[in-house]
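Step one of this worksheet: look at the structure below.
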Amino acid sequence: GGGGGEDASLRIVHGVAEALPLKDNSADAVVCTLTLCSVLDQVAAVSEIKRILKPGAPFMFIEHVLSEDDPRLAAQQISLNGMQVAMADGCHLDRKTLDVIDAAGFASVRSERFTLPGFGLISSQVAGIAIV
């Protein structure tokens, strides 16, 4: 084990983010990496994440987002979004994912915006931890 005296377990289930097949307050943590760009309904997906997390449990995320510090990049992201959605399995370049997470009613959200050099249209990133 990890020194905590408990056996670790991992359960993988098939589902969609907007209707997670888990009971309320059943997950110890949710990790979301470069996923919320592609869900059909971000608000519903984040609401589902919050619903399944146990009280005090973390939602850890890293997502590419619409640039807020580079107007040229943001304009490119917006203008090329339709093509990106069609070619990249529904991936949106123009989402303000952190706004959705901030508005979801978590007890706390700690986040950081950063730029990944050389990643072009998805270089604007946000990472953080939200606690139920």
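Descriptive notes on the structure:
- Radius 11 Å from Cβ of ALA104, net charge of other residues (Lys, Arg +1; Asp, Glu -1): -1
- Only protein heavy atoms count here; under a 1.4 Å probe, ASP69 has an accessible surface of about 120 Å².
- Among beta bridges from DSSP that stay inside the chain, the antiparallel ones total about 75%.
- Look at the dipole of segment 1-110 built from charges on Cβ: of VAL100, PRO21, LEU40, the Cα furthest out on the positive end belongs to PRO21.
- Under the combined filter of DSSP loop state and at most 15 neighbouring Cβ atoms within 10 Å, segment 58-97 retains these trypsin sites (Lys or Arg not before Pro): LYS96.
- Point-charge dipole on Cβ atoms (K/R +1, D/E -1) for the chain, about Cα centre, debye to 20: 100
- Residue-by-residue Karplus 3J(HN,Hα) for segment 15-24, coefficients 6.51, -1.76, 1.60, Hz, glycine and proline x: x, 10, 4, 7, 8, 5, x, 10, 6, 4
- Put simply, the amide H of ASP70, placed in the peptide plane, has no neighbours under 5 Å, leaving out anything fewer than 5 places away on its chain.
- Residues SER108, SER79, sorted by accessible area with the largest first, give SER79, SER108 [1.4 Å probe; ligands and nucleic acids excluded].
- Of all the options ILE12, ILE49, ILE62, the one that moves most in a Gaussian network model of the chain with Cα springs shorter than 10 angstrom is ILE12.
- Based on protein heavy atoms only, segment 9-74 ends up with 59 Å² per residue of surface accessible to a 1.4 Å probe.
- Degrees between helix 42-52 axis and first principal axis of the chain (Cα, 0 to 90, nearest 10): 10
- Near ALA27, the amide H atoms lying under 5 Å from its own belong to LEU53, LYS54; only residues 5 or more places off or on other chains count, and H is placed 1.01 Å from N.
- You can think of it this way: the chain between PHE114 and ASN25 has 28.9 nm of extra reach, that is 0.36 nm per residue less the Cα-Cα gap.
- Angle between the chain longest axis and helix 71-87 axis [Cα atoms, degrees, rounded to 10]: 70
- Using θ = phi - 60° and Karplus 6.51 cos²θ - 1.76 cosθ + 1.60, couplings along segment 27-33 (whole Hz; Gly, Pro as x): 9, 6, 6, 10, 10, 10, 10
- Straight-line reach from LYS23: taking Cα to Cα under 13 Å and skipping same-chain neighbours fewer than 8 places apart, the aspartates and glutamates in range are GLU48.
- As a fraction of the 1.4 Å probe accessible area of segment 1-64, surface on carbon and sulfur atoms comes out at 56 percent.
The values are calculated or read from the model by the stated rules, or taken from the named source; none is laboratory data. Everything numeric here is computed off the predicted structure, so don't read it as measured data. Here the Cβ is made from the backbone with ideal geometry for all residues, glycine too, and neighbour counts use every protein chain on show. These accessible areas exclude ligands, DNA and RNA; they are computed on the full protein's heavy atoms, side chains included. Shrake-Rupley method; radii C 1.70, N 1.55, O 1.52, S 1.80 Å.
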